[in-house]
Amino acid sequence: MRFGASVSGFFHHAKPETWPSLAGAVDEILAVDDTLGVEIWGARGVDQPQVCGQDLVDLAAACREAAFVTTHVQGRHWSWNARHLRDEIDLAHRLGAEMLVLHPICFGLVQESDRPDWPEIVRIAGYANKFGVRLAMENTRDTLWALDRILDELGDDPEETNLSICVDVGHAHVSEDAGREPVVNYIERYADQLLHVHLHDNRGTADEHLGLGEGTIDWHRALAALDQIGFEKTAVLEFHPLQGESMAVAIEEALKLLGS
């Protein structure tokens with residue numbers, strides 16, 4: 001696997017006056033280990049404006065030093081809006097990202113009775129493909145039905161559809177739709193479409209985004225499942241250290257656990 005870290009951890013529990021720039025967050029991740037990739041959210045907080053101007057220029061320059069770049073759809077775009085999705089694809093292209101991670105809600109899938117605009121989604125996937133940006137649909141809590149529906153409607157061959165799967169291990173751990181070993185079951189179920197993995201921990205009841213080893217996920221079992229399916233693609237640390245805790249230390253500890 002190629003490991004990376006998400007910039008989101010610098011902003012969730014910290015006071016805004018302590019936030020680094022997005023470029024600064026990338027620099028701090030790479031200062032821990034310059035072989036890491038980075039995952040970018042296009043804004044420093046859910047309600048913050050999208051990066052632009054000189055900040056965008058600086059961010060693009062910082063991303064060029066990373067082993068790989070992926071992007072994640074911004075919180076304010078967690079709804080169906082074709083224009084917003086194209087904006088996210090444009091940003092991914094500007095940053096040299098190989099992938100944009102989406103949630104099912106971005107395709108209009110909130111409940112099973114929803115009827116997404118499948119033809120427009122196909123066009124959006126094609127638009128991303130023109131720029132070499134792969135789309136990866138991430139599981140949120142109890143969303144086997146949504147991921148299955150996307151694959152059933154559009155096809156399960158990512159090379160044809162430009163729609164892959166991102167298994168978020170933390171989200172799988174709090175899900176009740178995948179049996180007694182939900183993390184393993186999510187990984188095995190989408191082995192043929194799996195392009196990306198999000199790594200963070202929790203205690204099995206809430207989406208806490210804890211550091212690896214701070215919750216109840218069996219990381220030996222999860223990593224063994226990834227190894228069993230021959231997963232060699234990208235995996236991003238997506239934990240949110242509490243206020244006053246060091247992101248750098250959290251990354252270092254996670255990499256030790258992953259290497260043990």
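Please treat every number below as a calculation from the coordinates, not as lab data. Just so it is clear, the model here is predicted, and its values are computed rather than measured. Cβ: placed from backbone, ideal geometry, glycine included. Neighbour counts: every protein chain shown.
Fully extended, how many nm does the chain gain between residue 232 and residue 120 (0.36 nm per residue separation, minus their Cα-Cα distance)?
Stretched fully, the residue 232-residue 120 segment lengthens by 37.2 nm.
Would you calculate the separation in nanometres between label points at residue 90 and residue 157, each defined as 7 Å from the Cα along the Cα-to-beta-carbon direction?
About 3.3 nm, to one decimal.
What are the lysines whose alpha-carbon lies under 26 Å from the alpha-carbon of residue 233, with same-chain residues fewer than 8 places away excluded?
Within the straight-line limit of under 26 Å, residue 233 reaches these lysines: 130, 256.
Before anything else, pin down the relative contact order of the chain: Cα pairs under 8 Å, at least 6 apart, normalised by residue count, whole percent.
19 percent.
What number, rounded to the nearest 500 deg cm²/dmol, is the helix-based mean residue ellipticity at 222 nm of the chain, given -39500 (n - 2.57) per DSSP H run of at least four residues and division by all its residues?
-11000 deg cm²/dmol
Which whole-angstrom value gives the distance between the alpha carbon centres of the range 150-178 and the range 1-37?
What the calculation gives is 26 Å, centre to centre.
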